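Trainee: Have a look at this one before I ask anything.
The values are calculated or read from the model by the stated rules, or taken from the named source; none is laboratory data. These numbers were taken from a predicted model, which means no experiment stands behind them. Heads up, the Cβs are rebuilt from the backbone with ideal geometry, glycines too, and the neighbour counts pull from every protein chain shown.
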């Protein structure tokens, strides 16, 4: 099915999913943009902010489990609208932070709870139920909002950071999250009023039944490995580039470039998964990462750093639309939200570990070399294990 036909089938649902992930996914990476200037201004170690981000990932993961179960039972307007309100409070008040406990509370707990509620878990459930057999491409279209959001929001915030400082970056993110609430809620109410929902597929395993299968644990391991890499890079790539002498404005836009490349990667993964299943796109993602982590562990000039960011960006969103496809294929649609939430939460908890470990090793060794070598090993393991899920 083409994107035009997808739009005819459920254009408003696609638009809602796209906008949700444009704001929620794009804004989530603001912390990576301000990591170095914030740490220097407040005289904090990067390891401290790495711990804040790790808490954020764990809290987001816990929220996703709960939100996944709620998505199996309640209308998405309640979940997404509430999530954006909570996100606005947490991220907006981060602009006033002066003490570590405030960062842990505002970013690590409050913003995490809100951002988890506007994540791929509820959006993926909403779209998969609407588009059925074409869910791979439909989810990819929605998740491309993350890439474009990362490009648009972080490009704009890079100029804010350069002009007025890191605190205004958080103020703007809070305002953006709050402004989108009425748009999302009204659009979802219109969609619910104008579309007769199909009968829900109740076939498949319960969560305990799925947990007793080898495929469940293998899937969690694959997504954990992916998460470690995703959030290490998204949090540290700007700081790494600055450390290697890349200009501040260009370094700040590396995350935006990653988002642009991610748009291409996620659409290719969606089309590919609808044809051959999700395992091959996932394995290909890890193979490409194996190559680029190997190169950057040896060569670190500015041009290669930019190339690293672009190529990693190509893989960055690949597994996001595949989560619900893996879950539906392995366990059925009965508990699509709950099981998808567990898988995505594992990805995020592991991502917190990756973000924290990168910061801690930098504080210990003064560079990221050991982390890059570890990422090569993780890429190899991820590629092999992904193919076991065929």
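Trainee: Could we say that residue 101 is more than 24 Å from residue 349 (Cβ to Cβ), over 15 Å from the mean Cα position of the chain (by Cα) and without any contact (Cβ under 8 Å) to a residue 40 or more places away in the chain here?
Mentor: So residue 101 fails the test.
Trainee: Quick check on my filter: what residues within region 350-371 are assigned to a helix (DSSP H, G or I), touching a residue at least 12 places away in the same chain (Cβ under 8 Å) and surrounded by fewer than 22 Cβ atoms within 10 Å (Cβ to Cβ)?
Mentor: Within region 350-371, 353, 357, 360, 363, 369 meet the criteria.
Trainee: Considering only residues that are surrounded by 24 or more Cβ atoms within 10 Å (Cβ to Cβ) and modelled with pLDDT under 90, which ones fall in region 232-252?
Mentor: Listed by number, the residues that qualify are 234, 235, 238, 251, 252.
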